[in-house]
Amino acid sequence: MKKFHKLFSTCLPVREENIDTDQIVPARFLKVTSREGFGTYLFYDWRFDKSFGGAQDKSNTKCVFNNPKYKGAKILVAGNNFGCGSSREHAAWAIAEYGFRVVVSSSFGDIFYNNALKNGLLPISVKPKELEILFQIIEKKSQTEITVDLKKQKIHTFHFPIDSFRKTCLLKGVDELGYILSHEGKIKQFEQRQNIFV
Amino acid sequence: MKPKTLFEKIWESHVVTKEKGTPSLLYIDAHLIHEVTSPQAFANLRKKNLNVRRTDKTFATVDHNVSTTSQRNIKDALSRVQVETLERNCKDFGIELFGLNSPNQGIVHVIGPELGITKPGMTIVCGDSHTSTHGAFGTLAFGIGTTEVEHVLATQCLLQQPMKIMEVRIDGTLGKGVTAKDVILTILSKIGTKGGIGYCIEYTGSTMQNMNMEGRMTICNMSIEGGARAGMIAPDEITFAYLKGRQFSPKQEKWEESLKRWKSLRTDPDAPYDKTVIIEAKKIAPLVTWGTDPSTGIPIHEKIPHPNKMQSKDQKITSEKALTYMALKPGMRLEGFPIDYVFIGSCTNARISDLREAAKIIKGKKVKNTVTAWVVPGSRQIKRQAEKEGLDKIFHSAGFEWRWSGCSACIAMNDDKIPPGKYCISTSNRNYEGRQGPGSRTFLASPIMAAAAAIEGKITDVRNYL
């Protein structure tokens, strides 16, 4: 997993609530067996005017992702309840591969939040008022760079919460699996105690 | 002794260890896998030279990509490779697969309970958000991502923080034509798509106690649409009667032992919930959603709300976008709105009682000639049962297509897609933009509401048929 310490970047604003993982990566792109290549499909049906099987899909110039003002932004700022719906981790893979390192919202779908953290993508939950301020800053001047500091748990001037274990994993760039595997003895003991289930 | 909720009882009995500053290590009793969210997890096991720790607690099926027009033939090359990858992974790692050749193939959340894999007091996970379905049996069941699928395959454990508990209490008798689907759509319209974030919902009250297991599964299934990863209902005699005699249910003395334990699985009288929502059953009417998230259900006779009445600017933008996508106007009523497709299927509403109820409405009638209508049973077992009862003939002679089991048009990763711009009344769980195919427009409703719409070619109050 990619380490995360500090980031100084412009932002891309998506002022919409309840963005579900079907929007982030439409289901028809989930047919592959690898983790790579999902960046291409990020918000596919938003970024492209669909030709529905006819000629090639054309870039949708109205879509914020195609606005040159926000090119290169590493922080995605979105409306409340980002990443709701399906458990597809492909959504987190796609956002990370597209080039984002941080997603900011005032709340996240629980499964998406967990998936993001496992892929070096930092989900930051701020208060609704703070989210509104961030939107206004970006909308006023798209080139404004915002600072994210994981160690201090700060974005711009706002504090954000994060579970201390997950924070450490992200700072060190380590996967949780090693930690779980180190408890093999305890898992075995538990299984011996608990043969009653199943 | 401190009174405990059902959630706490299950949670506490599954914590392997809890170290300071880390989440709990939670033991998983059953891991369900399907072809879409597992290949990358198996690839990592191979890369890291790890094995599947408990093949006896891991169960696989193929559902998302399968064809519902033929039993075994998947035309799309990528879909076929994904299914074959799961077949190979199951063979290599020694996992039981209810695959294309199995008489027990079906949607993962339909076959788990049907085979008796799902039992009270268990922890169950699957790389699929509708895993919440299994909570209907008094289990703690939730969806996970592929990295967590890998963790469970390798260790049978997950690092987890406990959820908060929201009680949703529904008391009273449901009116004529009001189903479990209308109950959950009503709950979602009250708590919204984010009201359940961080929570496990426990559904309580007399309405739930009198509901059959299929209805309970419909309700728990859509907990995730309210943001809650898990939903659960305390097991009772209805649960036990459902489980008795199933393939993986305990037998003889073990059944008696299990029953004793299962009966203790309920929230103690004084145990506090973090939040309680109360709903009166008699106030629930048949609902249909108008928007592009499942919380937009409105009673059949009500009008679509105006975006200006939304609380925040972002909500207004969201709701305007949904209306544009659906090509609907605020103030309109959905009753009488023409539809092009009817889909009766999915892990929400494709169980035998759903098909029986829909068949009652359809019997002796014809699907409107402007409508394409599909029935996709949730599993092959359900398909066989329905055929034994002659339901297939009722649907078929009315003009419905009677299909093989799979996720079908709920997710449109297979051949079953709603064409762009077309309206579908669907018994599935999500009406997101493009969910049923790029550009598709979805109205979520109950199986009997879908059946009535099939006959009329437009959204109809099913109570006129009862």
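No lab work stands behind these numbers, since they all come straight from the coordinates. Remember, it's a predicted structure, so these values are computed and weren't measured experimentally. Quick reminder, even Gly has a Cβ in these numbers, built from the backbone with ideal geometry, and neighbours come from all protein chains shown.
Averaging Cα coordinates gives a centre for region A:138-156 and one for region B:230-277; these two points are 49 Å apart.
Ignore the peptide's own chain and count Cβ atoms of other chains within 10 Å of each Cβ in A:175-182; give me the average, rounded. Before the final figure, lay out each step's value.
On the way: counts 5, 9, 10, 1, 6, 10, 7, 0.
Counting Cβ atoms of other protein chains within 10 Å of each residue's Cβ and averaging gives 6.
Each peptide in B:140-153, B:374-387 was scored by the mean count of other Cβ atoms within 10 Å over its residues; highest first, the order is B:140-153, B:374-387.
Any idea what the relative contact order of region A:6-196 is, in percent, if you count C-alpha pairs under 8 Å spaced at least 6 apart?
On the way: 320 pairs, mean separation 46.1, N = 191.
This gives 24 percent for region A:6-196.
Under a Cβ-Cβ cut-off of 13 Å, what is the net charge of the residues other than B:CYS200 that fall near it, where Lys and Arg count +1 and Asp and Glu count -1? Its environment carries a net charge of -1. Couplings for region B:113-127, taken from phi via the Karplus curve 6.51 cos²θ - 1.76 cosθ + 1.60 with θ = phi - 60°, read x, 4, 8, x, 5, 7, 9, x, x, 7, 9, 10, 10, 7, x Hz in order; Gly and Pro are left as x.
Averaging the sequence gap over all C-alpha pairs within less than 8 Å and six or more residues apart, then dividing by the number of residues, gives chain B a relative contact order of 17 percent.
Restricting to DSSP H runs of at least four residues, report the calculated mean residue ellipticity at 222 nm for the protein assembly as shown, -39500 (n - 2.57) per run over all residues, nearest 500 deg cm²/dmol. Can you show the working numbers first?
Numbers: 23 runs with 208 residues, N = 664.
Helix-only estimate at 222 nm: -9000 deg cm²/dmol.
The trypsin sites (Lys or Arg not before Pro) of region B:180-281 that meet both conditions, a loop assignment by DSSP and at most 14 other Cβ atoms within 10 Å of the site Cβ, are B:LYS244, B:LYS251.
Highest mean first, how do B:394-406, B:52-64 rank when packing is the count of other Cβ atoms within 10 Å averaged over residues? Write out the running numbers ahead of the final one.
On the way: B:394-406: 20.5, B:52-64: 22.7.
Order by mean packing, descending: B:52-64, B:394-406.
Let me confirm one metric for peptide B:203-214, namely the mean number of other chain beta-carbon atoms within 10 Å of its residues' beta-carbons. Write out the running numbers ahead of the final one.
Working: counts 0, 0, 0, 0, 0, 0, 0, 0, 0, 0, 0, 0.
Counting other chains' Cβ atoms within 10 Å and averaging over B:203-214 gives 0.
Peptide B:318-330 has a mean of 1 when you count, residue by residue, the C-beta atoms of other protein chains within 10 Å of its C-beta. Amide H contacts of B:PHE443: B:CYS424, B:ILE425, B:SER426, each under 5 Å away and 5 or more positions distant or on a separate chain (H built 1.01 Å from N in the peptide plane; Pro and chain starts excluded). For A:ASP49, enumerate residues with amide H under 5 Å from its amide H, sequence gap 5+ or separate chain, H modeled in the peptide plane. Amide H to amide H, under 5 Å and 5 or more residues apart or across chains, A:ASP49 pairs with A:LYS58, A:SER59, A:ASN60.
Taking a ≥ b ≥ c as the square roots of the eigenvalues of the Cα gyration tensor of the protein assembly as shown, is the shape rounded (a/c under 1.5), prolate (a/b larger than b/c) or oblate? Write out the running numbers ahead of the final one.
On the way: a/c = 1.38, a/b = 1.07, b/c = 1.29.
Rounded, because the longest to shortest axis ratio a/c is under 1.5.
In terms of packing, defined here as the mean over residues of other Cβ atoms within 10 angstrom, the peptides A:8-15, A:144-151 line up highest first as A:8-15, A:144-151. Overall form of region A:6-196: oblate. Here a/c, set by the Cα gyration tensor axes a ≥ b ≥ c, is 1.5 or more, and a/b is not larger than b/c.
In region A:16-88, which GluC sites (Glu not before Pro) fall in coil by DSSP and have 13 or fewer other Cβ atoms within 10 Å? For GluC sites (Glu not before Pro) across region A:16-88 that sit outside H, G, I, E and B with at most 13 neighbouring Cβ atoms in 10 Å, the list reads A:GLU36. Backbone phi angles across region B:173-190, fed through the Karplus curve with coefficients 6.51, -1.76 and 1.60 (θ = phi - 60°), yield HN-Hα couplings of 9, 6, x, 4, x, 9, 10, 4, 4, 5, 5, 6, 5, 5, 4, 5, 5, 8 Hz in residue order; Gly and Pro are listed as x. Electrostatic tally near B:ALA180: other residues with Cβ closer than 13 Å to its Cβ, Lys and Arg +1, Asp and Glu -1, net -1.
DSSP loop (so not H, G, I, E, B), at most 13 other Cβ within 10 Å: list which chymotrypsin sites (Phe, Trp or Tyr not before Pro) in region B:275-350 pass both filters. Write out the running numbers ahead of the final one.
Working: sites: B:TRP290, B:TYR325, B:TYR341, B:PHE343; in loops: B:TRP290.
Passing both the DSSP loop test and the Cβ count: no residue.
Partners of A:LYS141 within straight-line reach, counting lysines whose Cα lies under 23 Å from its Cα and excluding those fewer than 8 residues away in the same chain: A:LYS6, A:LYS62, A:LYS69, A:LYS71, A:LYS74, A:LYS127, A:LYS129, A:LYS154, B:LYS313.
Comparing B:ILE144, B:TRP374, B:SER264 along the charge dipole axis of the protein assembly as shown, the residue lying farthest to the positive side is B:ILE144, per the Cβ-charge model. Scalar couplings 3J(HN,Hα) for region B:252-258, obtained by applying the Karplus form with A = 6.51, B = -1.76, C = 1.60 to θ = phi - 60°, are 6, 4, 4, 4, 4, 4, 5 Hz; x denotes Gly and Pro. Annotation for region B:83-100 versus region B:5-33: alpha-carbon center distance of 28 Å. So which of A:LYS151/A:LYS172; B:LYS282/B:LYS458; B:LYS383/B:LYS417; A:LYS188/B:LYS251; B:LYS190/B:LYS303; B:LYS20/B:LYS194 end up more than 18 Å apart, counting from Cα to Cα? Over 18 Å apart, Cα to Cα: B:LYS282/B:LYS458; B:LYS383/B:LYS417; A:LYS188/B:LYS251; B:LYS20/B:LYS194.
Between beta-carbons, use under 14 Å as the cut-off and find the net charge around B:LYS365, counting Lys and Arg +1, Asp and Glu -1. Net of charged neighbours comes to +4. Residues whose amide H falls under 5 Å from that of A:GLY99, counting only those 5 or more places apart or on a different chain, are absent, with hydrogens built in the peptide plane.
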